[in-house]
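The values are calculated or read from the model by the stated rules, or taken from the named source; none is laboratory data. Owing to the predicted nature of the structure, the values given are computational and were not obtained by experimental measurement. Cβ placement follows ideal geometry from the backbone for every residue including glycine, while neighbour counts extend to all protein chains displayed. Quick note on the areas: whole protein, heavy atoms, side chains included, nothing else; ligands and nucleic acids left out. Shrake-Rupley method; radii C 1.70, N 1.55, O 1.52, S 1.80 Å.
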Amino acid sequence: MKGLPKNWNTEIEKKITEKWKKSEMFNFNPKTKKEIYSIDTPPPYVNAPIHIAQAITYCFMDMFARYKRMKGFEVLFPLGLDRNGLPIEMGAEKKFKVSPFKIGREKFIEYCKKLISDGSKETQDSFAKLGISFTSYKEGSHIGAVYKTDSPEYRTLTQSTFIELYKKGLIYEDVRINNWDSKLQTTIADSEIEYKDLISEFVYVKWKIKETGKEIIIGTTRPELICTCGMIIFNPKDEKHKHLKGKTAISPLFKKEIPIKAHPLADPEKATGIVMMCSAGDLSDIQFFREQKLKPVIAINQDGTMNKNAGFLQGLKIKEARKKIIEKLKEKNLLFKQEKITHRTPISERSGAEIEFIEMPEFYLKQLEFKEEIRKISKKINFYPESSRKILEDWIDSISIDWPISRRRFYATEIPLWYSENGLVAVPQQGKYYKPWKEKVPENADVLDNGKIIGKVKDFKHKWTGEERIFDTWMDSSISELYILKYKQDNEFFKKAYPATLRPQGKEIVRTWLYYTLLRGYLETGQPCFKDVWVHQHLLDEKARKMSKSLGNIINPQKIVEQSGAEAIRFWAATEGDLSKQDLSVSPQRIDSEKKTLNKILNVSKFVMLFDKPKQKPKTEKFDELFINYIEELTEFSDKKYAKYNFHHPALKLRNFLWEIFASHYIELVKSRAYNQNKKFTKKESDSAKYTLHFLLERFLTLAYPIIPQITTTIAKEKKINLLKQEFPKAKKPKSNLKLIDELVNFNSKVWKKKKDKSISLRNEISGIKIPKSLKDFEKDLIVAHGLV
RNA sequence: GGUCCUAUAGUCCAGUGGCUAAGACACUUCGUUUACACCGAAGAAACAGCAGUUCGAUUCUGCUUAGGACCACCA
């Protein structure tokens, strides 16, 4: 009792977490004989302080890690810091008000590095304050070290895997129509596009039929693309337009002849039922052009301006061009009518720019031919919850093109290739980090001609130019599990540790992070790269709205740690809801009120520690046996649920046990027997009570330890128990009829109520109450505790 | 437009084919009983709507509504 504080508070937490952070006590032993349990944690971006969602999901991962250690696993729980890619670049552009297109690549990268230089430390501190038991809080080359996705080591692995895939012919360059972000000046993948309903102008334009001279009306949201129109279509079932079949349309203003065909793509119910097919309207147009073997006309430049194919619109930005052509159509009386509609518009997730479709050469990683394999290996993985598997399967079904992996940006892993003037490609050796845009080609790089190795660079006297493009960040992120398991760095360990055990992640990145990781893992090893996947939902604000800067409802986890403490956050996270099942609303008040439970734990512990634990286990009374059995059952329940990543139901039961069963009923009833001041009980009977008090407390602390490690270890330490090294208890089968506990609870309430009705103090005697038959075994305790006469 | 998830008191969240639908926060009243006023006791308060299956539905099914996620070719 000496060491326990009066209240649980953040001052105590500070001391504990600082010590834990320095201690490195969960170091990973590579020579272990234990089974390895590894968590492929999602590296947070370091350009901003950690978000409440990261704080809480890492608390859950920590519960998983601590539980698995208790179950005898060698746990690998590393912290990664994501420092690559567009978010970092955009942060640097904004913070330092610089543009890479003006100051140049080299200088811009310096600004990026400046932006992330102190963010990493802050992130680590935040996690430490939450009591997260990472394998290590130190950087280095040891297994489980803190790693950075922009470190030479990480980038080396990204490049090494690329080099291998490239030589295997799984990566190809192709000129295709790409999603183009004109703000960021780069190609982006389908998965980086989101759709927004934007208001746009829907215009009905008059076209002429060459053969009959008659007019037709075509609706479009992209009149500036009339110049790229390759075909006019109507639905084959559309009777009213049947007469157009085989005729030729003349495009307004541009006066080009366009064939008219019947095609099921046109919906007779929409607009006028006639569609102009352009070569850059959206991705469906692109498919259509391929199918019809039409030659696309590209009218938009990479910077988002119109080119010479757009005639009088040349030089204008897309939106200006749209305005101008509408004016012109009006002027020439070619505009039938105009209306405003909301239009689902593809937007770049990273920059918010409207996506354009532009033809350019980019690298692709083959994925279409592996769809079936990925589906197959994903069936071998356990999903928690099972329903999240469908998100992945739906995504695999909908993949229709290979993965564009090159980007035209700056702060990310470079594509390690050099080119000669006569079309040869130099591919360097694996195992080093290359920057082709500023480095000379290595002498020992392989020279490839059309995919075949024909020698080394030193054998050729060519002038080599370094590749300037970089990888999509998912190329880095999708090998995180390979990196933490030391792929291509420590083969012996990798063999032992692969596949990784758990991938924890949000549902919104199933189609990116999870899918791409499965693909890359399969390409490298031919196996599923995880055993388990835990998919969580979203964290929302108090009113269940999404947290966003514009709403101003972002909850800062630092503040909550300071006000309520990590233990309150963690216990709240476990009890408030099931994050794998539904979104969780974060309420600082509710988190704060969890402090009550923490103090209850302290007070119960103080009471139990008023009594010495008998050195020898006494023969326990039937009454005590009942409660021991109860917590044995709770032990089995928690074990089963924890193993399935469910901490919610055990947490609720543990809280109920603490307040109701243990504090209100067991303790109240055995108090007199434990004190035994009037010697109404034998020493044996009293010892049984003391022993049971300690037993129940210790077991409670052990079960709650993964959820609230700080307070439980603090109390256990007073009892000379080191919970950090404790095994998870093996539950014994209950022998008592546990329903008797409910009857006891009812009986106690009845007595308390009666005393209250009669205005009798709870410690005074009361007469006329009969003990039910079922509780006869506990008669003595009940009579003394309640003062029944 | 399609698919998936969710719907229980003022708020958050358990649970169930029939039992008095549990607990927490907030609220009202009473109490200060040898661990605890960050306490104890008592109280008020809920199964989104409609239909179906059933002897019986809050629970199972369908539809509707609302919220969320994802997907899709709407010119």
Q: Can you spot the lysines whose alpha carbon is less than 21 Å from residue A:270's alpha carbon? Ignore those fewer than 8 places along the same chain.
A: A:196, A:206, A:208, A:237, A:240, A:242, A:245, A:261, A:337, A:340
(Q) Checking the table A:6/A:543; A:68/A:432; A:22/A:148; A:488/A:730 against a 30 Å threshold on Cα-Cα, which pairs fail? (A) A:6/A:543; A:68/A:432; A:488/A:730
(Q) If I compute solvent accessible area with a 1.4 Å probe over the protein chains, what percent of it on the range A:385-529 is carbon and sulfur? (A) 48 percent
Q) Three principal axis extents, largest first, for the C-alpha atoms of the range A:202-287, in Å? A) 28, 26, 22
Q. Given the alpha-carbon gyration tensor of the range A:58-177, what are the semi-axes of its equivalent ellipsoid in whole angstrom, ordered largest first, with each equal to the square root of 5 times an eigenvalue?
A. 32, 23, 12
Q | Above-threshold pairs, the threshold being 26 Å between Cα atoms, out of A:452/A:531; A:94/A:440; A:680/A:719; A:613/A:680; A:34/A:167 | A | A:452/A:531; A:94/A:440; A:680/A:719; A:34/A:167
**Q.** Between helix A:739-757 and chain A: long-axis angle, C-alpha atoms, 0 to 90°, nearest 10
**A.** 70 degrees
(Q) Using a Förster radius of 41 Å, what is the FRET efficiency between residue A:22 and residue A:95 based on their Cβ-Cβ separation? Nearest 0.05, please. (A) 0.85
Q) Ignoring ligands, DNA and RNA, what percent of the accessible area of the range A:233-347 is carbon or sulfur (1.4 Å)? A) 51 percent
Q.
Helix A:389-398 against the longest principal axis of chain A: what's the angle in degrees, Cα atoms only, rounded to the nearest 10?
A. 0 degrees
Q: Evaluate the relative contact order of chain A (contact order divided by residue number), counting alpha-carbon pairs under 8 angstrom at least 6 apart; express in whole percent.
A: 14 percent
(Q) For chain A, give me the percentage of DSSP beta bridges that are antiparallel, rounded to the nearest 5 percent. (A) 75 percent
Q | Per-residue [θ]222 nm for chain A (sum of -39500 (n - 2.57) over DSSP H runs n ≥ 4, rounded to 500) | A | -11500 deg cm²/dmol
Q.
Going by average Cβ density within 10 Å per residue, which order do the peptides A:766-777, A:743-754 take, highest to lowest?
A. A:743-754, A:766-777
Q) Roughly how many nanometres apart are two label points built 7 Å out from the Cα toward the Cβ at residue A:544 and residue A:507? A) 1.4 nm
**Q.** Residue-normalised accessible area of chain A, expressed per residue, 1.4 Å probe, Å²
**A.** 46 Å²
Q | Computed label-point distance, nm, for sites residue A:617 and residue A:599 using a 7 Å Cα→Cβ extension | A | 3.6 nm
Q) Under a point spin-label approximation (7 Å from Cα along Cα-to-Cβ), what is the residue A:743-residue A:756 distance to one decimal in nm? A) 2.4 nm
(Q) Explain nothing, just the number: relative contact order of the range A:406-445, from Cα pairs under 8 Å at least 6 residues apart, as a whole percent. (A) 36 percent
Q.
Under the 0.36 nm per residue contour assumption, what length would be gained going from the current alpha-carbon distance of residue A:240 and residue A:592 to full extension?
A. 119.9 nm
Q. Leaving out same-chain residues fewer than 8 places away, which lysines sit with a Cα under 18 Å from that of residue A:19?
A. A:121, A:129, A:138, A:717, A:725
Q) In terms of modelled amide H atoms, which long-range or inter-chain residues lie less than 5 Å from the amide H of residue A:536? A) A:505, A:506, A:507
Q: Scan the range A:403-448 for GluC sites (Glu not before Pro) in coil per DSSP, keeping those whose Cβ has at most 15 other Cβ atoms within 10 Å, and list them by number.
A: A:421, A:439, A:443
Q. Relative to the present Cα-Cα distance, how much length would full extension add between residue A:779 and residue A:652 at 0.36 nm per residue of separation?
A. 42.7 nm
Q: Only Lys, Arg, Asp and Glu count, each charged at its Cβ (+1, +1, -1, -1), so figure out the dipole size of the range A:665-766 about its Cα centre, rounded to 20 debye.
A: 280 debye
Q. How big is the charge dipole of chain A about its Cα centre, in debye rounded to the nearest 20, if each Lys and Arg gets +1 on its Cβ and each Asp and Glu gets -1 on its Cβ?
A. 2300 debye
Q) Using the beta-carbon distance between residue A:583 and residue A:118 and R0 = 25 Å, what value does 1/(1 + (r/R0)^6) give for FRET efficiency, to the nearest 0.05? A) 0.15
Q | Relative contact order (%) - the range A:551-642, alpha-carbon pairs under 8 angstrom, separation at least six | A | 24 percent
Q) Using the Kirkwood formula over every pair of different C-alpha atoms, what hydrodynamic radius in Å results for the range A:719-789? A) 14.8 Å
Q: Take the alpha carbon gyration tensor of chain A, find the square roots of its eigenvalues, order them as a ≥ b ≥ c, and report rounded if a/c is under 1.5; if not, report prolate when a/b exceeds b/c, else oblate.
A: prolate
Q: Run the accessible area of the range A:93-172 with a 1.4 Å probe and give the carbon-and-sulfur part as a rounded percent.
A: 51 percent
Q: Subtracting the Cα-Cα distance from 0.36 nm times the residue separation, let me have the gained length for residue A:554 to residue A:337 in nm, one decimal.
A: 73.7 nm
